[in-house]
Amino acid sequence: MSTLANLGLGFSVALDPTNLLFCFVGVFVGTFIGVLPGLGPIAAIALLLPLTFKMAPATAIIMLAGIYYGAMYGGSTTSILVNIPGEAASVVTCLDGYQMARQGRAGPALGIAALGSFIAGTFGLVGLMFFAPVLGGVALRFGPPEYFALTFLGLTLVSYLSRSTMLKALLMAILGLLLGTIGTDPISGQERFTYGSLTLGDGLGLVPVAMGVFGITEVLDNLGKNLRGDVYGREIKGLLPSRKDWQESFWPIIRGSIVGFFIGLLPGPSGAMSSFASYAMEKRLSRHREKFGHGAIEGVAGPEAANNASTAGAFIPLLSLGFPSNIVMALFVGALLIHGVQPGPLFMKNYPELFWGVVASMYVGNVMLLVLNLPLIGIWVKLLKVPYAILYPLILLFCLIGVYSVNNNVVEILIMVISGIVGLLLRRVGFDGAPFLLALVLGPLMESSLRQSLLISRGSFTIFFSRPVSAVLMLLTFAFLFTSLIPALKTKREKLAARMGG
Amino acid sequence: MKKSAALASILLLALALVALIESMKLPFGSVSAPAAGFFPLVLAALLALTSLLGFVGALRGSEASLVEEQSLIWKKILLTLGALLVFALAFERVGYLVATFLFIIFLLRFVERKSWGLALAVGFAAAVISYVIFGLLLGTPLPPGFLQI
């Protein structure tokens, strides 16, 4: 009963006119940025982050959540219409979504993506309501060894699923951790590798590096290739899926929601993992397997639902443990800290209106996406028809404003540009940016939890295996590490990773 | 590609060695009480090891299949990078509106070889519209420059 009362409190926060307005702004701008090729949730959040500094904490987080959802939905739109995934999580949507568009069924594909996301969002909300308190209880027993094991598992998973080889992915993760030590040591306060730079004193900023490695690298790569995706040309009509579409998509959406939610609880690239898992599952369960890859609606409905549900799932480690399982979640931590709110075991207890308000607003955001995107799809299509030669200067401009607006610091623009060119060169020789960025995000937490663990155990590494939760996480980590090194299983992983990378 | 992959590994190895030397200057502490230099030192050593393995792998050419084959038009990339760097270094002095106007025109006219008319029109529209949205509506502090707006 108290959960319902809490949810009532949440909706009273989420339906407050100011919050509703900024939820709308977030969803709208998020979708707009997400539709632009090469820009995803990170760029969208960076552009609007400064606006949140002056807001009430709940309003700020509600808008950021809206941007996140919107950007993910915008990414699905480009996957379906142009075959360009906005981010890793929507790679799978390209497979059947684009084929559907080519067969003149872009409308139902977009419609089922929106409706599937909506249903999954509802499911995720219910899951969040019931699981967050449970995990909040467990979280109180999380000590440094558990946090270390969690970061280790996250980095191993992102490397395991990287599109490069395991060795190269691990190398990138180590590089990310190493560059993550730049700045002030979290424990002793000593400056490391800053060489007198004030900007570096706070560490290599996440926003400039992420915008560089994702945004700038992507643009440089595309313009160097003269790439032009084939925009689906004909008019889109009939967004609502037919009865037959519904029958085919219903169970994939339900299964996708459940799988996505639980994968979302894991550290690491849960969006991409969940959409891929859902696609593989639907293909296996399907009675007409041969249709997959040729425009099967299940191949859009399931992964889109899973992707959305995993977002709700990923909020649980964020809000209950203060653990960011991806870069967007790390930006949320940053936004909360600016308002003096510390996510972690006490978050739900100390800030009930914030926690439940955000939960409820995710639901409101999903409704808005549904209402907003059905009529606006035409505008997004027009946006995609703008030639890339005109679009990319604008994308670069958004990156520049986004990075500058966070701290008004020119040095951060330089960091972004340098990250962009280094990212491009590394990509050319088969290195992947994803493990690097997650390592940069998790590095400080990994270091402080490792050092605290060793202090507690007086230098013995058995501490990671003698406590049950940490032992399970460590065993999982080593299972992934070793199976990726055994030759027979290695090729299987590479096939999986290659398919995930498109 | 084999060569550039090997070169990348060598550069990463060099970076690892520099990091190794630099982290030795920081206090290491001990394993039972690790200090500021502990984590970077371990990571630098691991980076050295993995980049060495990567170098060996690149020489054997065993990973070539995962590397992109399509070649890039580097001239456009370098021009764009140059424009970004000049923008970053100049725009606080020149001001947001003028810098953005010139930045877009440069990309459209000299990198993409579009007509002057199109470049001027897009440059003007992009500068003004983004200024209104970000500078005025969203309150992003954009440098005024000599125009003083």
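No lab work stands behind these numbers, since they all come straight from the coordinates. Because the structure is predicted, anything quoted here is derived from the model rather than measured. All Cβ positions, even for glycine, are placed from backbone atoms using ideal geometry, and neighbour counts span all protein chains on display.
Worth pointing out:
- Report note on the peptides A:471-479, A:25-33: ranked by the mean count of other C-beta atoms within 10 Å, highest first, their order is A:25-33, A:471-479.
- Lys-Lys pairs in chain A that are eight or more residues apart or on separate chains and whose Cα atoms lie under 16 Å of each other come to 5.
- Relative contact order for chain A, counting Cα pairs under 8 Å that sit 6 or more residues apart, in percent: 29 percent
- Rounded tilt (10° steps) of B:96-106 against the dominant C-alpha axis of chain B: 80 degrees
- Expected-Rg normalisation [2.2 N^0.38 Å, Cα atoms] applied to chain A: 0.92
- Placing +1 on each Lys and Arg Cβ and -1 on each Asp and Glu Cβ, with no other charges, gives the protein assembly as shown a dipole about its Cα centre of roughly 1380 debye.
- Interchain or long-range residues, amide H under 5 Å from B:Gly29's placed H: B:Ala35
- Taking chain B as a Gaussian network of alpha-carbon nodes connected by springs under 10 Å, the highest mean-square fluctuation of the residues B:Ala36, B:Ala127, B:Ala99 belongs to B:Ala36.
- Put a dot 7 Å past the Cα of B:Ser71, heading toward its Cβ, do the same for B:Ser4, and the two dots end up 1.0 nm apart.
- Across peptide A:385-394, the average count of Cβ atoms from other chains found within 10 Å of a residue's Cβ is 5.
- Per residue of B:37-50, other chain Cβ atoms within 10 Å of the residue Cβ number 6 on average.
- The simple spin-label model puts a point 7 Å past each Cα toward its Cβ; for B:Arg113 and A:Arg289 those points are separated by 5.0 nm.
- Segment B:74-147: projected area of the alpha-carbon convex hull, averaged over directions, in nm²: 4.9 nm²
- Selected from B:Lys25, B:Lys76, B:Lys114 as most flexible by GNM, with chain B as the system and alpha-carbon contacts under 10 Å: B:Lys25
- Spatially close Lys pairs in chain B, defined by Cα atoms under 23 Å apart and a spacing of eight or more places or different chains, total 4.
- Average beta carbon contacts from partner chains per residue of B:124-135, 10 Å cutoff: 2
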